[in-house]
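The values are calculated or read from the model by the stated rules, or taken from the named source; none is laboratory data. Fair warning: this is a prediction, and the values are worked out from it, not measured in the lab. Don't worry about glycine lacking a Cβ; one is built from the backbone with ideal geometry, like all the others, and counts go over all protein chains shown. Heavy atoms of the whole protein, side chains included, go into the accessibility calculation; ligands, DNA and RNA do not. Shrake-Rupley method; radii C 1.70, N 1.55, O 1.52, S 1.80 Å.
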Amino acid sequence: MNTFLKRILLLLFIVALGLFLYSFFVENIFEKRLSPKDTVEFKLNDLKLKVFYNRPYKKNREVFGALVPFNQVWRTGANEATTFETNENLTIKGMPLPAGKYTLWTVPRDTTWTVIFNSKQYSWGVNSEMKPMWDPNYDVVDIEVPVKKLNSTVEQFTIAFDNSTDSLSLTMAWDDVKIAVPLKE
């Protein structure tokens, strides 16, 4: 085997070993995530909506007012910032939301939540001090929605689209709480 081919094979081996070590020790791709990633999509005629988020579990913890403090901006999930995409302009409680990609932030309270659509894209939901990376200067829509108390417990944080009554809404549920954000084309 000639020297050039040996060097190429050695270089490829070193690169492959480096990628394996990085993925094992840094990204830890072989371990199950505590808050798995999920994507929810909704399509109706020409309208296409998509939410990417991470789904933490309750795990016998007190969620709202404790794990997720009241009256503070929450990244609405775990890990990476939650994103909401629409290919068409929407109206949310009378406020226009232009077509595009947004990060989704919430301020949970006992009886209402503030839901914020922010135009800035953040790679992660919190900084090194565990403070939300949210910048209010990029808020596009900021609305209040009522909290509905549930009779059963939702173990894993869940975002979904509900069009069951011909009234499209973006829902979020966790623990014994559910909110619905009305969406109109």
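Brief remarks follow.
- Filter result for the condition that a residue is in the same structural domain as Trp174 (by the TED database), among the charged types (D, E, K, R) and modelled with pLDDT under 95, over Lys93, Lys120: Lys93
- Residue check for Lys58: farther than 21 Å from Asn118 by Cβ, modelled with pLDDT of 95 or more and among the charged types (D, E, K, R): yes
- When segment 57-107 is filtered for residues that are of a type in the set (Gly, Ala, Ser), outside any strand (DSSP E or B) and within 16 Å of the chain's Cα centre (by Cα), the ones remaining, listed by number, are Gly77, Ala78, Ala81.
- Hey, Asn71 closer than 21 Å to Ile179 by Cα and surrounded by fewer than 13 Cβ atoms within 10 Å (Cβ to Cβ) or not: yes
- So Gln156, is it part of a strand (DSSP E or B) and either out of contact with any helix residue (DSSP H, G or I) (no Cβ under 8 Å at 6 or more places or on another chain) or β-branched (Val, Ile, Thr) (or both): yes
- When Thr106, Thr76, Thr83 are screened for being of a type outside the set (D, E, K, R), open to solvent by 10 Å² or more (accessible area, probe 1.4 Å), out of contact with any helix residue (DSSP H, G or I) (no Cβ under 8 Å at 6 or more places or on another chain) and in the same structural domain as Leu168 (by the TED database), only Thr83 passes.
- Restricting attention to segment 142-172, the residues that are open to solvent by 20 Å² or more (accessible area, probe 1.4 Å), among the polar types (S, T, N, Q), touching a strand residue (DSSP E or B) at 6+ places or on another chain (Cβ under 9 Å) and without any contact (Cβ under 8 Å) to a residue 60 or more places away in the chain add up to 3.
- The set of residues in segment 39-55 that are charged (D, E, K, R) and either at pLDDT below 95 or open to solvent by 100 Å² or more (accessible area, probe 1.4 Å) (or both) comprises Glu41, Lys43, Asp46, Lys48.
- Selected residue [in contact with a helix residue (DSSP H, G or I) (Cβ under 6 Å, 6 or more places away or on another chain) and within 23 Å of Phe42 (Cα to Cα)] from Ser164, Ser119: Ser119
- Filter result for Thr114 (assigned to a strand (DSSP E or B) and under 29 Å from Asn45 (Cβ atoms)): no
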